[in-house]
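Quick note: the coordinates plus some simple rules give every number you see, no bench work behind them. Keep in mind that what you see is a predicted model, and the values were worked out from it rather than measured. Here Cβ is always computed from backbone atoms with ideal geometry, including for glycine, and neighbour counts include all displayed protein chains.
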Amino acid sequence: MSLADLSSTLWRIREMMDLLLFKLEEEQLVLAAGKTRWLPHATREVEMVLEQIRKTEVLRAAQVDAVAEELGLPPAPSLQALAAAAGAPWSDLFLQHRNAFLTLTAEISAIAEANKELLTAGARAVQEALMNVTGSVTTYSRSGETVGAGRSSRLVNEAM
């Protein structure tokens with residue numbers, strides 16, 4: 001394996017991570033707009049990109065081990081260790097890959113967490129709406145115990 005092959009694979013992973021970030025933002029827009037009809041499609045696209053990344057990660061791991069052996073490093077070295085052993089111009093390129101991966105990973109983690117919060121809030125809203133309709137809403141008494149809310153009259157607009 002050559003350093004050029006490894007760098008090429010790292011570029012592909014960066015592009016896929018960028019695509020993953022885009023797909024997560026798409027998913028977030030679908031969630032924020034309340035267009036739950038499209039949520040399975042958006043989620044499937046995220047999963048497809050993740051699967052591509054997983055497959056390419058296997059190739060990357062094999063290439064890293066081969067390059068590490070050529071450079072006299074132990075198996076599975078970090079990009080920082082590869083950069084230190086590779087010398088110019090590869091050292092700069094591997095450090096750029098490392099910094100890009102750190103940035104992309106932070107962005108992906110942040111948007112994934114935001115999407116999780118949107119999904120949780122949406123699920124909670126649906127659950128509360130269903131409990132309100134079925135009359136099984138529970139609230140808290142003055143002593144802190146859960147009690148069923150009394151049934152009340154409901155006005156239903158049948159024209160809807």
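Some points to look at:
- Sub-6 Å Cβ pairs linking a first residue in the range 28-41 that is over 19 Å from Ile108 (Cα atoms) to a second residue that is surrounded by 12 or more Cβ atoms within 10 Å (Cβ to Cβ), at least 6 apart or interchain, are Trp38/Val30, ordered by first then second residue.
- Matching residues, the range 83-117, being more than 14 Å from Ser7 (Cα to Cα) and surrounded by 15 or more Cβ atoms within 10 Å (Cβ to Cβ): Ala84, Ala85, Leu104, Glu107, Ile108, Ile111, Ala112, Ala114, Asn115
- Against the criterion of being touching an Asp or Glu at 6+ places or on another chain (Cβ under 6 Å) and buried (at least 16 other Cβ atoms within 10 Å of the Cβ), Ala42 qualifies.
- Complete set of residues in the range 45-79 that are exposed (fewer than 12 other Cβ atoms within 10 Å of the Cβ), of a type outside the set (A, V, I, L, M, F, W, C) and assigned to a helix (DSSP H, G or I): Glu47, Glu51, Arg54, Lys55
- Pair list, Cβ < 7 Å and 6+ apart or interchain, from the range 58-74 residues that are farther than 13 Å from Ser2 by Cβ to residues that are among the polar types (S, T, N, Q) and part of a helix (DSSP H, G or I): Leu59/Thr9; Arg60/Thr9
- Index of the failed condition, Val30 passing every other in (1) in contact with a Phe, Trp or Tyr (Cβ under 8 Å, 6 or more places away or on another chain); (2) exposed (fewer than 12 other Cβ atoms within 10 Å of the Cβ): (2)
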